Amino acid sequence: MRVVQGLENARRFARQRASTWGSEPPPEVAERIAAIFGRAMTPREAVSLILESVRQKGDEALRELTTRIDGITLGEIEVPPGELLEAHRHVPADLLRALELAAERVAAFARASVPRSWRDASMGVGELVAPLERVGLYAPGGTAAYPSTVIMTAVTARTAGVGEVILCTPSRDSGAAAVLAAAHIAHVDRVFRIGGAQAIAAMAYGTASVPRVDMVCGPGNIFVTLAKQLLFGEVGIDGLFGPTETVIVADESADPRLCAADLLAQAEHDPLASPVLITPWELLPPAVDEELERQLPGLERREIARTALDRQGAFVLTQDLDEALAVANLLSPEHLCLMVREPGRWLEKVRNAGGLFLGEGSPEVLGDYVAGPSHTMPTAGSARFASYLGAHQFVRRIPVVALEPSLARRLAGPAAIIARAEGFGGHARAAELRAARRGEAK
């Protein structure tokens, strides 16, 4: 991992990290596109072709694209409901218990955070909170299966009151059983064996087999993310998620062994993952680096982790913890872990983070699976303006205006003045008519 030292270099590093969103894809992605489509094109162009194909040809396109991209002949697009129950019966008992525990904690967190309707009679206003009718979830299934993503998204949506939840996932073989069991636990209504940009298009447009949804949510690769971006407006989306990232802010109290383990847990996700350690203690990076070399050979996904560490990994040295938190805010990471003495003291310094993990006893890995909040969080600096995928994103907030007649009369005059200043005489007249209704019951 590279070493970045000094505030100006740290700022430059933060700008470089932010600029990677939307930059040129790695060579392997370009090669994959050329192999699939027979010519070179950008990922955006490839995704646009996929979306248009699904829009025009529906299920036929889903079958053609699954064969072309995944090399799989697609039988039934929808997974029979009985397969979910069968998977639930046959996954290992310890995994089942772990998924059920995760579902309980995710539901509890969502219940506590779901927005609620309210009315203020004195103000004459309020909000009606109405859940979405149908939501489409995406669970990746490329280099790994993600039953945890199903739990995090589906349970949160259900707890928020969503009427129907469907799931698209390309997970097959050994990973499919865990994903289907998670879908059963989370009360997913329907599951479809499709992945990639074509799955996002199917849920956005609707096909003969896949119903059209109100919102598509869940993480995915560059093709999934571009599909969500291009389809926004046709369908709601939860956000655009790039490669995963963790920033650890640590002081001299931090355990190098735990720091290394947490960085590797992030790095093994994806060759494009970003594991970063920020510290004012100059003895920590070499100690962590030694631990990385010791722990790395024992990982099943060590080659992926090694690539992530070499490409995006960094040790950032700062003058003190104040500067360390300033750099972390510049990075605006998906996960910010405070491995410092009395981490709660530093909360007011945190401005930009998808999720915040306080102390060595609250590692991101527990947030990934069982802590409670959804693990789908903003990446690539978007934590500056975006939030995690929570219950709030599965509802619509509808403002309600219910003014008492006397209050309406008092407000009508100022409203008419503003309307005439903007040149809208009809608006002004409609307000003035209310001001003139003295003595009327309504």
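Bear in mind these aren't lab numbers, they're just calculated from the coordinates by the rules spelled out. All figures in this text were calculated on a predicted structure; none of them were measured in a lab. Neighbour counts are summed over all protein chains in view; Cβ atoms, including those assigned to glycine, are modelled from backbone coordinates with ideal geometry.
For region 159-263, just say rounded, prolate or oblate: build the C-alpha gyration tensor, square-root its eigenvalues into a ≥ b ≥ c, call rounded for a/c under 1.5, and beyond that prolate if a/b exceeds b/c, oblate if not. Cα axes put region 159-263 in the prolate bin.
Using every pair of distinct Cα positions in region 231-343, the Kirkwood expression returns a hydrodynamic radius of 14.6 angstrom.
With one equal scatterer per alpha carbon and no solvent term, the Debye-computed log10 I(q)/I(0) for region 90-211 at 0.18 1/Å reads -0.93. Computed from Cα atoms, the angle from the helix 81-90 axis to the main principal axis of the chain rounds to 40 degrees. Spin-label pair Gln319-Thr73: with each label point 7 Å from Cα along the Cα-Cβ axis, the two points sit 6.8 nm from one another. Measuring between their Cα centroids, region 368-387 and region 181-228 lie 20 Å from each other. Other residues lying with their Cβ under 9 Å from the Cβ of Val165 contribute a combined charge of +1, Lys and Arg counting +1, Asp and Glu -1. Using only Cα coordinates, the Kirkwood hydrodynamic radius of region 298-442 works out to 20.4 Å. Against the compact-protein benchmark of 2.2 N^0.38 Å, the Cα-based radius of gyration of region 393-442 scales to 1.42. The convex hull defined by the C-alpha atoms of region 27-70 has an orientation-averaged projected area of 2.9 nm². On the beta carbon distance between Ala35 and Arg119, with R0 = 60 Å, the FRET formula returns roughly 0.55.
Between the labelled values [x] 1.13; [y] 0.94; [z] 1.29, the entry that holds Cα Rg over 2.2 N^0.38 Å as derived from this structure is [x]. Of all beta bridges that DSSP places with both ends in region 60-178, some 40 percent have antiparallel geometry.
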